[in-house]
1. Short version: ³J(HN,Hα) in whole Hz for each residue of region C:2-16, in order, from phi by Karplus 6.51 cos²θ - 1.76 cosθ + 1.60 (θ = phi - 60°), x for Gly and Pro, what are they?
2. Quick check on chain C: helices-only [θ] at 222 nm, where DSSP H runs of length 4 and up contribute -39,500 (n - 2.57) each and the sum goes over total residues. Nearest 500, please.
3. Compare the Cα positions of B:324, C:11, A:135 along the charge dipole of the protein assembly as shown (+1 at Cβ of Lys, Arg; -1 at Cβ of Asp, Glu; about the Cα centre) and return the one farthest towards the positive end.
4. Of the peptides C:73-80, A:118-125, B:138-145, how do they stack up when ordered by the mean number of other Cβ atoms within 10 Å, highest first?
5. Note the angle between two axes, namely the Cα long axis of helix A:213-223 and the longest principal axis of the Cα atoms of chain A, as a number of degrees from 0 to 90, rounded to the nearest 10.
6. What is the angle, in °, between the Cα long axis of helix B:81-97 and the longest principal axis of the Cα atoms in chain B? Nearest 10 is fine, range 0 to 90.
7. For region A:1-141, what proportion of DSSP beta bridges, expressed in % and rounded to the nearest 5, is antiparallel?
8. Run the dipole for region B:268-377 about the Cα centre, Lys and Arg Cβ at +1, Asp and Glu Cβ at -1, nothing else charged, and hand back the magnitude in debye, nearest 20.
Amino acid sequence: MAVRDYIRERFMPHIWCPGCGHGIVMNTLIRAVENLGLRKNDIIMVSGIGCSARITGYLDFHTLHTLHGRALAFATGVKLGRPDLHIIVPMGDGDATAIGGNHFIHAARRNIDMTAIIMNNRIYGMTGGQYSPLSGYGRMATTAPYGNIDQAFDIVELAWSAGATFVARTTTYHAHDMVTILEKAIVHKGFSVVEVLSQCPTYYGRKNKLGDAVEMMKSYQKGTTPIGSNAKKQNPDLVERGIFVQEEKPEYCTEYEKIIQKVKGEKQR
Amino acid sequence: MTKQILFLQGNDVCVEAAIYAGVNFFAGYPITPATEIVERLAEQLPRKGGKFIQMEDEIASMCAIIGASLTGMKSMTATSGPGFSLKQEAIGYAVMAEIPCVIVNVQRGGPSTGMPTCVSQGDVMQARWGTHGDHAIITMTASNHQDVFATTVEAFNLAETYRTPVILLFDEVIGHMRERLIMPEPGEIPLIERLRTSVKEGTDYHPYLPRDDGRLPMSDFGGVHRFNVTGLVHDMWGFPSNNPNIAHGLMRHLVDKIENHVSEIAKVKEYYLDDADGILISYGSPARSARHVVENRRKRGIRLGLLELQTLWPFPAEKVRDLCSKAKYILVVELNMGQIMQEVKKAVEDPGKVFLANKIDGTFISPTDIRNIIRLIQGKGV
Amino acid sequence: MRTRIIFSGSGGQGVVTASIILAEAAVLHEGLNAVQAQSYGPEARGGATRSDVIISDTDIHFPKVNHPNMLVCLTQEAYNTFSGLIRPGGLLLIDRHYVKPEKKVDARQVELDIYKTIMKEIGKPIVFNICMLGAFITLTPLVKPESIIKVLAKQIPSDFMAMNEQALQIGQRMAEAYK
C-alpha cells in the first residue's frame, strides 16, 4: 500500500510544529507495518495525551486516544480483550515516564505483548515547554527558568531493569534503522520498548539554544553511536543506539490463557 | 426444582451477580472493605473463561476495564473511597467516550484514608460529581443481599443500554454482612447485551452518531470497523473537534440520554407510604434500620412509612415529591452529613419538613437512633 | 423466635469463623433466617474481634446486636467490654483459660475449660473454636450438630474432618451438664 493509505486525511492538517520529529516517527512506523505485511485491522494503537499521542488520530488503525499517562493501562485492558492483535502504544517522555511512570514499569514487569514507542523530545511540548524527567540536569525549560536541577532517567535502563524483553533506542536521524527496529519490536512476543530521540525545535531546541530541526537532527548523528562501537570507548559521552535487549520470557496474556485452560469449568468448592 | 440457597457476604453476592450478568473482565486493586470482590473474581473469572488482572493501582484498574469493554467485554472494577477518588478521571473518560462499565464502591469512612474498616455513605456526592465537568451518571445501591444481586445485574444492564459507567454504591455493612441469598435461576433476571452496529464491513460506520432514540450502536474495538476513540470533544467519527455546535450537541446527548430516562432508570421501594404521616427515606444498609423502625411502629398502629431509594443518580426527584406530598415530616436516614437529604429538600414542596438522622462516627445507625430523632421531630424529646 | 448472639474474642481464635458456621448452618440446614455481621480493627491477628449473629424464623432487618441473649467471651478484654450488654435471663459462655470472671451478670454464666480440654485431648488449638461451638449448640439448641457438620464438610479438607467432629463432640460433652 502507499504510505498515504495508512493516513486519515480527514484528520489533516496535523498539529505538529514545522521540524518536529514526531512526523518522522509516524512515517517510519507506517513503513515498518507495511514491510511486515500487517493489515490495518491487525493493529490497535493506544496513546495518552501530548504531541506524540496525536499520532493515533492520524493513522488508520483501530485508535484509542486516552488520558495523560494512562495509555499502557488502557492498552492492557484492550490487549486482554484482543490478545490476537498487535498493540502499539506511542507515548511522549513525560507521558510515559512521569505521570505514566508506574504503568510503564509495571507493563514492562508483566511482559505483556505490546510495543511502547517513547518519542523522547525531553520536554512537555503541548503545554509549552516545561521540563520532563528526560530534560536533564542544567537544561532550560519554562518551569526551570534558572536551569533544571532534576536528574534525567535513562529510558533504556529503566525499561530493562523493569523487565521489558525488547529494549531499543534510535533517533529521528536514523530513520532507516528505526524501521528495522520497529519491525522487530512489533513482532517481538512480549513488552517491547523503543526509545526514539525526537527533536522539539520549538521548545527544547529554542530554550536550550540547540538550533533548528536540522541542527538538532545532526546532533543525533554526532552524539550517538551503535551499541559497543569503538567510538563509544573513546568518547563515553556518546549515546548508544540499537537493540539492547531481545529475550524470550513468559508473556502475560499467554500465561493467563494457560490458567483459563487449566481451571475452566471448575466449580466453586 | 428448589432454588439454590447460599449464605454469603454482600461482596460475594455482588460477584455472583456480576457473573450471572456475564462479566468477563475485571481489573482491580486490593482495598478494604472491597477486597473480597477482587479475591473472589480472581478465583471465579478464569473458571468461566473470563479474565482477571490485579493492576498496579486504582487508576490503572479503571483504565483497563475501559479498554477491555471497548473490545466487547463486560467489564467491572471494585474499590472503596481512596480508590474511588483515584478512578475519577478515568470514570469521566468512560462518560465522554461512552464506554459501558461497572464500578463498585464499598464505602468506608472518609475523607482520605478515614476509617477503612468502618461503615459510611460519604461518597454519594462523589459518585455524582467526582469527575470533572458537566455530565450524567447512574448510581445504584441496595440494602439486602437479594437486592445486591438484582441491582448488580441491573447495573450491567443499564451500563450496556445507555453506554455509561454505572456506579454501585454499597457500604461496609452490606459488603461484609452475611445473609441468605436465594440464587436466581439462569434467565430469571433478563440480561441486556449492548447494541451492536449492523453496518457491514466496508461501509462507513459512525461510532458517535446517535440513533433517533439517543442510543449509540457499538462496534467491538479491533473488529471490522476502524475508528477513533478519544476523551476530547469529538464528532460523529470520534475525531477531536472544537466546533461549538458539535460540542453543544455532544454535551446535550451525554446528559439527556440519562436524564431523559429517569423514570425508566430510577427504582425505589415503597413501604406503607399510602397513609404515612411520617416518611423515612433511606438507602443502603441504614435502610435496614429504618425498615426495622417502620415495621415495629406499624405493629403499634403508628403511621410511619419507608421510601427506600435503590437509584441515587439520576435522583428520582419527581417520585420523591409525589410520594412525600402528604407527609407531615420526612426523615432522611443516611451515614453522612446529609448528602441525599439536600436532594430531598430540593425535591419536596416544603423543605422545612425534611430532617436528617445520621451517623458520621464509623458506627452503624441503630433503630434506637432513628426513634430518638423521630421523637425530637415530634417535640417529645429523646 | 429471635436469638441475638455476640461472639467475642481476639483475632486468630476463630471467633468469626465459628459464628459464620453457626449462622450458615441455621440458614442452609435448619430452614431459619440468620444474619452475621462483624466489627473488626486493622489487625489480622490479635486485636478485639466481635461477631454478631441473629437467628430468627422471620425477616431480620437491623443486622447488629445491641443486647445479646447469648454472649460468648473468649478474652478478658471481650468479657470486660461486652458482659454488661447481656439481656437479663440470657446466657454467658466463657473459657476459664482466657477469662477470669470479675462481676456477676444478670444471666446464667457458664464457665468451661474448652482450651485446656482441647489441648489435652486433641493437642491442636486450631479446633478450639469448633469445640466452643459444640458447647454453644448444646447450651442453646438452635442448630443441630449434624447441621454444623454439613457446613464444615463443605469448607474443610476431608483429612481434617475427623478432628473437627471430635472437637465438636468434646464441646457437646463439656456443656451437657449445664443444659
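Any read-out appearing in this document is the output of simple, stated calculations on the displayed coordinates, not a laboratory observation. Remember, predicted model here, so these are calculated numbers, not experimental data. With ideal geometry, Cβ positions are generated from the backbone for all residues, glycine too; neighbour counts draw on all protein chains shown.
1. 8, 10, 10, 10, 10, 9, 9, x, 10, x, x, 7, x, 4, 5
2. So the helix-based figure for chain C works out to -12000 deg cm²/dmol.
3. In the protein assembly as shown, that residue is C:11.
4. A:118-125, B:138-145, C:73-80
5. For A:213-223 against chain A, the angle is about 80 degrees.
6. 50 degrees
7. Antiparallel: roughly 20 percent of the beta bridges in region A:1-141.
8. Dipole about the Cα centre, nearest 20: 380 debye.
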